[in-house]
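Notes to accompany the following structure.
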Amino acid sequence: MLPRKDLFDLPEGVIYLDGNSLGVLPKSVEERVAETITAEWGQQLIRGWNKCGWMDLPDKVGDRIGVLIGAAPGTVTMGDTLSIKVYQALDAALKLRPDRKVILSDCGNFPTDLYMAQGLVQTIAKGHEIRTPAPDGVADAISEDVTVVILTEVDYSTGRRHNMAEITAKAHAAGALMIWDLAHSAGAFTVKLAECEADFAVGCTYKYLNSGPGGPAFIYVRPDLINDIQPALSGWLGHEAPFAFDLDYRPGMTIQRMRVGTPPILQLAALDAALDVWDGVEMEDVRNKCLALGDLFIAEVEARCPDLTLQTPREHDQRGSQISFAFEHGYAAMQAVIAHGVIGDFRAPNTMRFGITPLYLDEGDMIAAAEVIEKVMKEEMWRDPQYNVRSAVT
Ligand SMILES: *Cc1c(COP(=O)(O)O)cnc(C)c1O
């Protein structure tokens, strides 16, 4: 049952409400990475690729992630960062619908997803247009000229959640393809990718899946589409036979064609071990606990801090796992909150974000965190110049 705090290496005296940005270190990871370095890399050297299963690790780990996102074995692979996976999925979708020229996203999407789309549109230079209506207007903006709808299920800033099944069905009815970015979904709640027939999904693993900073991303392709996909990033490890060293690219016949280059073995080993914390966990329990903790946190903060304005929808089916509050001096206020042992983060222009990760948080943490936020607000600590110095990462 939850929480499973004992499985994590949490620093003393910290309440960590930023697992939506960088997950906590699972204890299993330390041992596994040490072993991968000393016993595998150190002793096996190049033999590790065959003897230690390194080459199969992206697909093996992909299958474990598949379990968490409702995808069948053999439909998810790992590698690179999420930005790259967005690019691959988007390019593949555009090639599947060459007669259409519209990419539909929303203005609440994470900027890199839009930046990658902008770069791709420039590179292929076929006159594609990117439309970004407000999140609640996306469903109505799906028209017969749309090539692909690309959305992040949960808004990284406000925590608002799209209805994945409904939007996917609407995209398909209009003849468009559907890409879901699950950065704030995988490991946060139940995702039913195959059931809603999404065409592509991508996501990162260093947030709710605790793989560590820069951990590899995942990509899912609907199995009946995979062999029609012409990979934009046609690297040798997506080749049908990388070690044939042919001079011409021939895509692999499975999800392996979405691989690019050499897999990051240390980070994949970290992720593989990090996924052990989900063994025996029911995602429904995680979700229910998350909503209950979120409700408690909202009630406690609203009662104590009248100057903070809730940005996250109160309705359970319309929110992900994080709770966000708007406050004009949010950056400095968050620095003060962090200095007092409660770690959340800030997203411009005015959002204070608090991630609720039930594997290592409980009711007592919610109340204690609200007390710290109350103290910062009542004492107007955000006025203190030391909390107004901007770091590169907010
Ligand atoms: C965190 C996040 C990213 C980050 O992309 P990287 O390439 O891993 O840096 C991209 N998209 C969304 C929606 C995110 O939440």
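The values are calculated or read from the model by the stated rules, or taken from the named source; none is laboratory data. Note that the structure is a prediction, hence the values are computed from the model and not measured. Here Cβ is always computed from backbone atoms with ideal geometry, including for glycine, and neighbour counts include all displayed protein chains. Only protein heavy atoms, including side chains, enter the accessible area calculation; ligands, DNA and RNA are left aside. Shrake-Rupley method; radii C 1.70, N 1.55, O 1.52, S 1.80 Å.
If you check T36 against the conditions, is it outside any helix (DSSP H, G or I) and open to solvent by less than 30 Å² (accessible area, probe 1.4 Å)? If you could, list the steps in order and put the result at the bottom.
Values: outside any helix (DSSP H, G or I): no; open to solvent by less than 30 Å² (accessible area, probe 1.4 Å): yes.
No.
From the list D345, D276, pick out the single residue that is of a type in the set (D, E) and closer than 27 Å to N109 by Cα.
Only one candidate passes the filter, namely D345.
Considering the range 105-120 alone, what residues qualify as being within 20 Å of the chain's Cα centre (by Cα) and outside any loop (DSSP other than H, G, I, E, B)? First the steps, then the outcome.
First, pick out the residues of the range 105-120 that are within 20 Å of the chain's Cα centre (by Cα): 105-117.
P111, T112, D113, L114, Y115, M116, A117 - these are the residues of the range 105-120 that are within 20 Å of the chain's Cα centre (by Cα) and outside any loop (DSSP other than H, G, I, E, B).
Would you check if there is a residue in the range 263-273 being assigned to a loop (DSSP other than H, G, I, E, B) and closer than 27 Å to I219 by Cβ?
The first filter runs over the range 263-273 and keeps only residues assigned to a loop (DSSP other than H, G, I, E, B), leaving 263-264.
Still in the list and also closer than 27 Å to I219 by Cβ: 263-264.
Within the range 263-273, one or more residues are assigned to a loop (DSSP other than H, G, I, E, B) and closer than 27 Å to I219 by Cβ.
Assess whether T123 counts as being crowded, with 22+ Cβ neighbours inside 10 Å and more than 12 Å from the ligand (Cβ to nearest atom).
Numbers: crowded, with 22+ Cβ neighbours inside 10 Å: no; more than 12 Å from the ligand (Cβ to nearest atom): yes.
No; evaluated as a whole, the condition is false for this residue.
Regarding N109, is this residue modelled with pLDDT of 95 or more and over 27 Å from K170 (Cα atoms)? First the steps, then the outcome.
On the way: modelled with pLDDT of 95 or more: yes; over 27 Å from K170 (Cα atoms): no.
So N109 does not fit the description; no.
Inside the range 45-70, can you point out the residues that are open to solvent by 50 Å² or more (accessible area, probe 1.4 Å) and part of a helix (DSSP H, G or I)?
L45, I46, R47, W49, N50, K51, K60, D63, R64, V67, listed by residue number.
Which of the residues spanning the range 189-209 are within 16 Å of the ligand (Cβ to nearest atom), open to solvent by less than 10 Å² (accessible area, probe 1.4 Å) and part of a loop (DSSP other than H, G, I, E, B)?
Within the range 189-209, F189, V191, A198, C204, T205, L209 qualify.
Quick check on Q118: is it open to solvent by 10 Å² or more (accessible area, probe 1.4 Å) and not acidic (D, E)? Lay out the reasoning, then the answer.
Values: open to solvent by 10 Å² or more (accessible area, probe 1.4 Å): yes; not acidic (D, E): yes.
For Q118, the condition - open to solvent by 10 Å² or more (accessible area, probe 1.4 Å) and not acidic (D, E) - is met.
Can you tell which of L177, L182, L225 is in contact (Cβ under 8 Å) with a residue 40 or more places away in the chain, within 15 Å of L96 (Cα to Cα) and crowded, with 24+ Cβ neighbours inside 10 Å?
Working: L182 fails: within 15 Å of L96 (Cα to Cα); L225 fails: crowded, with 24+ Cβ neighbours inside 10 Å.
Residue meeting the stated conditions: L177.
Only residues that are over 15 Å from the mean Cα position of the chain (by Cα), closer than 26 Å to K192 by Cβ and not in a helix (DSSP H, G or I): list them for the range 71-101, please.
A71, A72, P73, G74, T75, R97
Among the hydrophobic types (A, V, I, L, M, F, W, C), in contact (Cβ under 8 Å) with a residue 12 or more places away in the chain and closer than 20 Å to I356 by Cα: is that true of V277 in this structure? Steps first, answer last, please.
Numbers: among the hydrophobic types (A, V, I, L, M, F, W, C): yes; in contact (Cβ under 8 Å) with a residue 12 or more places away in the chain: yes; closer than 20 Å to I356 by Cα: yes.
For V277, the condition - among the hydrophobic types (A, V, I, L, M, F, W, C), in contact (Cβ under 8 Å) with a residue 12 or more places away in the chain and closer than 20 Å to I356 by Cα - is met.
Going through the range 172-188 one residue at a time, which ones are under 17 Å from S105 (Cβ atoms) and within 15 Å of the ligand (Cβ to nearest atom)?
Once the filter is applied, which keeps residues that are under 17 Å from S105 (Cβ atoms) and within 15 Å of the ligand (Cβ to nearest atom), the range 172-188 yields I179, W180, D181, L182, A183, H184, S185.
Among (1) in contact with a Cys (Cβ under 6 Å, 6 or more places away or on another chain); (2) within 16 Å of the ligand (Cβ to nearest atom), where does S157 come up short?
(1)
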